[in-house]
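In what follows, a structure is listed as structure tokens, so that the remarks can point back to it.
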Amino acid sequence: MSKVNLHTSHASWHSTRTLLESLTSKELEEAASQQRDHKPITNPGVRALLNVISRIGSAAPGSDEKKSYMLAELKSSTVYHGCPTIYMTINPGDLHSPLCLKYCGVEIDIDNFTPELYSYGERLRVLQKNPLAVVEYFRNLVDTILSVLKQGLFGELCHYYGIFEYQGRKTPHIHSQVSTLFEGLMLMIVMDKGEHFTAANEGEGKGGH
């Protein structure tokens with residue numbers, strides 16, 4: 001079971017603790033099932049607990065707490081590695097890719113592919129029937145692009161950070177930032193010049209008095 005944090009006020013903590021200790025895991029699971037089905041929660045204890053809790057945080061993907069944690073990671077990487085060299089969005093055109101059809105199990109000739117043989121509607125139906133194959137295609141494509149970056153396409157790679165999202169038709173894409181050694185050296189040069197410039201100004205200021 002994943003960790004879950006409950007946020008409540010100091011004044012209501014004692015009643016919150018009593019409610020938590022009185023509820024069983026089965027009752028909580030039943031209430032969660034009702035909530036997922038968009039039905040009213042029937043257990044009065046669970047309803048009372050929700051009234052005194054201001055926020056529920058979880059480490060589950062997509063939760064507010066997970067997003068907050070990822071934002072802290074992103075800020076820390078910028079502080080440590082400097083400003084990113086590249087902001088990159090990878091949004092594969094799976095509907096137009098013969099490779100994606102291949103991942104979905106369609107027997108095609110990759111070297112001599114004829115797009116006209118597969119209409120837009122037919123491709124969409126194939127992809128919707130094989131969502132895991134689409135994810136595998138996307139993941140391998142992202143890994144391939146990252147492997148090229150690691151070989152020094154934009155300089156020596158220092159750090160990269162990417163976040164997966166899903167579009168309206170539930171296909172994945174990724175937003176990422178990339179830091180290279182070249183950018184780090186440029187940052188060091190700018191900082192070094194800034195220090196000399198400040199020192200020179202201080203010297204001129206002293207000389208003027």
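The values are calculated or read from the model by the stated rules, or taken from the named source; none is laboratory data. In this text the structure is predicted, and so the values were computed from the model without any measurement. Heads up, the Cβs are rebuilt from the backbone with ideal geometry, glycines too, and the neighbour counts pull from every protein chain shown.
If we scan segment 173-185, do we find a residue that is at pLDDT below 85, surrounded by 11 or more Cβ atoms within 10 Å (Cβ to Cβ), under 23 Å from Gly93 (Cα atoms) and of a type in the set (Val, Ile, Thr)? Checked against the condition, which is being at pLDDT below 85, surrounded by 11 or more Cβ atoms within 10 Å (Cβ to Cβ), under 23 Å from Gly93 (Cα atoms) and of a type in the set (Val, Ile, Thr), segment 173-185 yields no hits at all. Of everything in segment 57-100 that is at pLDDT 80 or above and assigned to a strand (DSSP E or B), the residue that is farthest from Gly162 (Cα to Cα) is Ile86. Residue count for segment 101-135 under the criterion of being surrounded by 10 or more Cβ atoms within 10 Å (Cβ to Cβ) and outside any helix (DSSP H, G or I): the result is 8. If you go through segment 24-56 and keep only what is of a type in the set (Lys, Arg) and either closer than 25 Å to Ala11 by Cα or in a helix (DSSP H, G or I) (or both), you end up with Lys26, Arg36, Arg47, Arg55.
Among the residues of segment 99-122, count how many are aliphatic (A, V, I, L, M) and without any contact (Cβ under 8 Å) to a residue 12 or more places away in the chain. Residues flagged as aliphatic (A, V, I, L, M) and without any contact (Cβ under 8 Å) to a residue 12 or more places away in the chain within segment 99-122 amount to 2. Among the conditions (1) closer than 30 Å to Glu156 by Cα; (2) in contact with a Lys or Arg (Cβ under 8 Å, 6 or more places away or on another chain), the only one that Phe138 does not satisfy is (2).
When segment 141-180 is filtered for residues that are part of a loop (DSSP other than H, G, I, E, B) and of a type in the set (Lys, Arg), the ones remaining, listed by number, are Arg169, Lys170. Which pairs do you get when a residue that is aliphatic (A, V, I, L, M), found in segment 14-40, comes within reach of a residue that is outside any helix (DSSP H, G or I), reach meaning Cβ atoms under 7 angstrom, with the pair 6+ apart or on two chains? Sorted first by the residue in segment 14-40, then by its partner, the pairs are Ala31/Ile41; Ala31/Asn43.
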